1. Write out, first by first residue and then by second, each pair whose Cβ atoms fall under 6 Å of each other, whose residues are 6+ apart or on separate chains, and whose first residue, in region 1-28, is open to solvent by 30 Å² or more (accessible area, probe 1.4 Å) while the second is hydrophobic (A, V, I, L, M, F, W, C) and part of a helix (DSSP H, G or I).
2. May I ask you to list the residues in region 186-201 that are part of a loop (DSSP other than H, G, I, E, B) and of a type in the set (S, T, N, Q)?
3. Looking at region 120-165, which of its residues are free of Cβ contacts under 8 Å to residues at least 24 places away in the same chain and among the charged types (D, E, K, R)?
4. Against the conditions (1) within 17 Å of ILE14 (Cβ to Cβ); (2) in contact with a Lys or Arg (Cβ under 8 Å, 6 or more places away or on another chain); (3) free of Cβ contacts under 8 Å to residues at least 60 places away in the same chain, where does LEU194 fall short? Just the number, please.
5. Would you point out the residue of region 63-96, among those that are free of Cβ contacts under 8 Å to residues at least 24 places away in the same chain and of a type in the set (S, T, N, Q), that is least open to solvent (accessible area, probe 1.4 Å)?
6. Kindly indicate the residue of region 162-201 that is more than 16 Å from GLY234 (Cα to Cα) and of a type in the set (A, V, I, L, M) and also most open to solvent (accessible area, probe 1.4 Å) among those meeting that condition.
7. Kindly list, by first and then second residue, each pair from a residue in region 97-114 that is over 18 Å from GLY132 (Cβ atoms) to a residue that is charged (D, E, K, R) and surrounded by fewer than 18 Cβ atoms within 10 Å (Cβ to Cβ), limited to pairs with Cβ atoms under 7 Å and residues at least 6 apart or on different chains.
8. Give me the residue from region 202-226 that is assigned to a loop (DSSP other than H, G, I, E, B) and either farther than 20 Å from VAL7 by Cβ or of a type in the set (A, V, I, L, M) (or both) and, out of that set, least open to solvent (accessible area, probe 1.4 Å).
Amino acid sequence: MTRNVLVTGGSTGIGCAIAQHFAEQGETVVVTGRRPGPLKEAADRTGARAVVCDHTDPDALTRLLTELPDSIDVLVNNAGGNTDFDTDASSDLASYARDFRANLDANLVSAALTTKAVEERLAEGGAVVHIGSIAAARGGGSYGAAKAGLATWNIDLAGALGARGITANVVAPGYIAGTEFFRDRLTDERRTQLVTETAVARPGSPADVAGAVAFLASPAARHITGQVLHVNGGALTTR
């Protein structure tokens, strides 16, 4: 049976790879993003249906509901990114508060608002997967704090959705090449360091993350919920 899949922030990188993975499996995919141009390119590439949406905006989410199917089998909260790369480097307290809140809004509040908006449409036996980060465990300023908050909030979400057979998990990538995350500011030295930290001696790819998301949304993972699955090549190990 074909499933309905919503992938937020799917214009490029990890989100686009996730949308493409599900579309190639014959699923019906809706992909969202804030930038119409890249979003259309992603839709053309993946075969997903594109809807412009800012997931930090409740009004935009209310409008999004009119574009979505009545039942959603898989929700992937991928929208976000480290907004510190977009700041003006002001150091006064008001700017610090603004910039800190920007990361919380982009990476934590957006996922919570989106999930709340579509909660009644989530199909029984479905799956919610959030994209976290290695920064939640290793540090990373307000971005890391937001991703850590996402993982903690997901524990309660898993409990709330579990009675309907819906799972809720986090996929936490490490360094993933081929994305816009670093805004072209990653130096060769820093890239080498990030790769050297892995056990497999290579950066991750968007497809690596997409595969993990697809597994958590699959029939094989129906008894996995409230968890964080790390996809970092061994740069951070857990037990």
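The values are calculated or read from the model by the stated rules, or taken from the named source; none is laboratory data. On a predicted model such as this, the values are computed, not experimentally measured, just so you know. Note that we place each Cβ from the backbone using ideal geometry, even for glycine, and neighbour counts take in every protein chain shown. Ligands, DNA and RNA are excluded from the accessible area calculation, which covers all protein heavy atoms including side chains. Shrake-Rupley method; radii C 1.70, N 1.55, O 1.52, S 1.80 Å.
1. What qualifies is HIS21/ALA210; HIS21/ALA214.
2. Correct list: THR187, THR198.
3. GLU120, ASP156
4. (2)
5. Narrowing region 63-96 to residues free of Cβ contacts under 8 Å to residues at least 24 places away in the same chain: 63, 66, 87-96.
Those still in the list that are of a type in the set (S, T, N, Q) too: 66, 87, 90-91, 95.
On the way: THR66: 111, THR87: 54, SER90: 48, SER91: 114, SER95: 11 Å².
Per the criteria, the residue is SER95.
6. Within region 162-201, the subset more than 16 Å from GLY234 (Cα to Cα) is 162-170, 178-190.
In the following step, the residues that additionally are of a type in the set (A, V, I, L, M) were identified as 163, 166, 168, 170, 186.
Values: ALA163: 101, ILE166: 4, ALA168: 0, VAL170: 3, LEU186: 48 Å².
Step by step, filter region 162-201, then rank; the result is ALA163.
7. From region 97-114, the pairs are ASP99/ASP84.
8. Here the answer is ALA217.
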